[in-house]
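To start, the structure under review is shown below, and the notes come after it.
The values are calculated or read from the model by the stated rules, or taken from the named source; none is laboratory data. What you are looking at is a predicted structure, and each value in this text was computed from that prediction instead of being measured. For neighbour counting, all protein chains shown are included, and Cβ atoms are generated from backbone atoms with ideal geometry for every residue, glycine included. Each accessible area value is taken on the protein alone, full model and side chains, heavy atoms only, with ligands, DNA and RNA left out. Shrake-Rupley method; radii C 1.70, N 1.55, O 1.52, S 1.80 Å.
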Amino acid sequence: MKKAGGSTAEKILQLEEREGYLMSQKQELQEAVDAGSAAVACADQILSELDSAEDWGTWDLIGGGLITDLVKHGHLDEAQAAVENLQTQLRRFKTELADVTIDADIQVSIDGFLRVADYFFDGLFADWAVLDQIHQSQEQVHRTRSQICGVLDHLQTLLEQTQGEISSISLEVEQLVTSVSM
């Protein structure tokens, strides 16, 4: 039919070109969704570690001691390692989407003095200061996670629209072929 030419053949060629472009777009969108999903999973891991550190920090406030400090700071160290992974995931996500704006300035570090004070002076003020920093870190991660999810929702909408247009084009090509064959 394409070799025979005519307006129908030209229309089919145009539709197939558009479908090829949309398939490429769909793949790019899916790669961005995958990168964003990996970033969300990483943010969830950070939040889990921070939640554990918060629990141990609360326990420390009511008299936990050295073991409580060690476990709490262990969770904070794990959260910090996950933050570094999140930064990598966000760079990948931004690469997939040049126009995404996500504030990724997350820090889950307890400064050196505060860590030393928490271990050696293990008092209410040091414990309270560490717990406050944990809460600030949780808020930062929640904000970043929310931004990522907002972008993912938009990407999912675009992906659905693209798939809908691909389906529509396929149906139109099929109808054109069927109408000419009859």
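Some observations on this one:
- The residues of region 71-88 that are open to solvent by less than 10 Å² (accessible area, probe 1.4 Å) and either of a type in the set (Asp, Glu) or under 14 Å from the mean Cα position of the chain (by Cα) (or both), listed by number, are ALA82, VAL83, LEU86.
- Qualifying residue in region 109-126 (condition: closer than 21 Å to ALA43 by Cβ and at pLDDT below 70): yes
- Every listed requirement among (1) part of a helix (DSSP H, G or I); (2) at pLDDT below 90 is met by MET1 save one, (1).
- Looking only at region 49-67, and only at residues there that are open to solvent by 40 Å² or more (accessible area, probe 1.4 Å) and in contact with a His (Cβ under 9 Å, 6 or more places away or on another chain), the one that is nearest to VAL130 (Cα to Cα): GLU54
- Hits in region 30-43 - residues which are open to solvent by less than 50 Å² (accessible area, probe 1.4 Å) and either more than 16 Å from GLN140 (Cα to Cα) or touching a strand residue (DSSP E or B) at 6+ places or on another chain (Cβ under 9 Å) (or both): ALA32, VAL33, ALA35, GLY36, ALA38
- Region 133-142, residues that are open to solvent by 70 Å² or more (accessible area, probe 1.4 Å) and at pLDDT below 90: GLN136, GLU139
- Options LEU159, LEU152; residue that is out of contact with any Asp or Glu (no Cβ under 8 Å at 6 or more places or on another chain), closer than 20 Å to ILE46 by Cα, in a helix (DSSP H, G or I) and at pLDDT 70 or above: LEU152
- Of all residues in region 61-84, those being modelled with pLDDT under 80 and of a type in the set (Lys, Arg) number 0.
- Of all residues in region 23-51, those that are more than 14 Å from ARG92 (Cα to Cα) have Cβ atoms under 6 Å from Cβ atoms of residues that are crowded, with 16+ Cβ neighbours inside 10 Å and among the hydroxyl-bearing types (Ser, Thr, Tyr), 6 or more apart or on another chain, in GLN25/THR162; LYS26/THR162; LEU50/SER137.
- So GLN27, is it loosely packed, with under 12 Cβ neighbours inside 10 Å and either in contact with a Phe, Trp or Tyr (Cβ under 8 Å, 6 or more places away or on another chain) or part of a helix (DSSP H, G or I) (or both): yes
- Given (1) more than 21 Å from VAL141 (Cα to Cα); (2) open to solvent by less than 50 Å² (accessible area, probe 1.4 Å); (3) β-branched (Val, Ile, Thr), index of the condition ILE46 fails: (1)
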